[in-house]
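One structure below.
The values are calculated or read from the model by the stated rules, or taken from the named source; none is laboratory data. All figures in this text were calculated on a predicted structure; none of them were measured in a lab. We place every Cβ from the backbone using ideal geometry, glycine too, and count neighbours over all the protein chains shown.
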Amino acid sequence: MCQYYGLTDNGIFLQKLIIRGLGKLRFEEIVIIIFLLLMSLIRLSAGFSLLPKESMYLLLVFTILLLNIYSYLRFSHSRFFRIEFFNMIRDIFPILCLIAIYDCFTNRGAMTAPELSHYLHRGKDYTFLLARADKWIFGNQVSFILEPMINPILTDFLTLCYVSFLFYPILPHICFFISALRSGNPERHWKERRRYNIQIILTSLLGYVGYLLFPTTSPVFYFDYTVDLHGGQFSEKVHQALACYRNAHMDCCLFPSLHTALTFIVLVCLFKNYRPVAWLCTPLIFSLWFSTLYLEKTFFVDIVAGLVTALIGLSISPFVDKWWSQRVMRIRNLGHKNEC
């Protein structure tokens with residue numbers, strides 16, 4: 001017989017509900033929820049809105065789209081396919097939530113006001129440290145060194161590489177999904193899937209902490225360039241779209257480079273599990289890293305810091321995974337003991 005130490009029936013029900021809920025949540029899901037709440041509180045304390053409405057709309061659209069796809073599959077595919085597709089959705093959704101957290105740094109409600117990090121640091125900017133480091137290493141800024149290479153075809157190609165970053169974090173999950181369908185084994189690569197998601201989430205949040213602690217500005221807004229990054233219509237439309245997120249008044253998310261950090265983790269995962277795909281992606285990902293310099297988005301030291309951040313995420317993820325698995329087992333055991 002279980003004991004609830006004087007709890008009422010409603011208290012007992014709530015306790016069971018909390019225990020069961022915590023036992024079913026994954027580490028990255030809880031961390032995302034906590035970080036979103038923390039960012040919301042920081043925004044409110046700074047006088048910003050709770051969350052940017054654009055990120056809320058984006059999450060809502062993603063949720064509705066994924067639920068509609070799953071509802072369709074429920075009546076048109078096998079149970080195994082539906083389960084694996086649902087697992088893939090659950091794996092991908094925390095990664096999509098990272099976009100909402102990233103959007104918390106912006107202040108698009110006031111286009112001439114500083115974004116969150118610069119506001120918290122009372123306008124202080126540390127870009128000069130990055131510029132000094134690059135100049136000490138190369139004798140000049142990398143973006144200035146690359147100016148003679150600028151041409152429309154290269155600009156279009158590297159712009160495509162730059163925006164393809166949004167696709168890479170979900171690529172391993174697509175590979176895991178296809179592999180499970182081919183093998184008919186839902187447990188295949190289960191540990192690798194869990195470990196990869198933890199690596200991506202931890203590395204992203206470490207990067208976001210860096211954004212909060214070290215507000216900086218992209219080279220394109222910090223230096224006066226004499227050569228324009230002229231490209232075709234594709235490049236122009238992409239840069240116009242990016243201007244909604246990164247302009248002279250809304251630019252702080254630079255150090256470390258998460259374009260570098262997250263794609264490095266993607267490469268590590270693919271080389272471990274899907275080597276042919278990894279070899280195919282390697283030149284494209286290296287081009288993405290180069291594009292951040294060519295397009296004047298980052299400094300070279302940002303890329304180095306991104307690689308260090310990725311290595312930290314890769315190093316601590318096994319310990320976090322083991323620690324969380326132990327906590328889940330304890331929570332579930334507690335739930336079994338409290339069953340009457």
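Structure values in brief
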| quantity | calculated |
| --- | --- |
| Of residues in the range 101-126 being at pLDDT 70 or above and touching an Asp or Glu at 6+ places or on another chain (Cβ under 7 Å), the one surrounded by the fewest Cβ atoms within 10 Å (Cβ to Cβ) | Asp103 |
| Elements of type helices (runs of 4 or more DSSP H) in the range 132-207, at least 1 residues being within 23 Å of the chain's Cα centre (by Cα) and free of Cβ contacts under 8 Å to residues at least 12 places away in the same chain | 171-183 |
| Count of residues meeting criterion [part of a helix (DSSP H, G or I) and in contact (Cβ under 8 Å) with a residue 24 or more places away in the chain] in the range 264-294 | 20 |
| Residue match in the range 195-210 (condition: surrounded by fewer than 18 Cβ atoms within 10 Å (Cβ to Cβ), within 21 Å of Asp302 (Cβ to Cβ) and either at pLDDT 85 or above or not acidic (Asp, Glu) (or both)) | yes |
| Residue check for Leu129: within 10 Å of Phe299 (Cβ to Cβ) and surrounded by fewer than 18 Cβ atoms within 10 Å (Cβ to Cβ) | yes |
| The lone exception for Met88 - which of (1) loosely packed, with under 12 Cβ neighbours inside 10 Å; (2) at pLDDT 75 or above; (3) under 21 Å from the mean Cα position of the chain (by Cα); (4) among the hydrophobic types (A, V, I, L, M, F, W, C) it fails | (1) |
| Qualifying residue in the range 169-189 (condition: surrounded by 17 or more Cβ atoms within 10 Å (Cβ to Cβ) and within 30 Å of Tyr222 (Cα to Cα)) | yes |
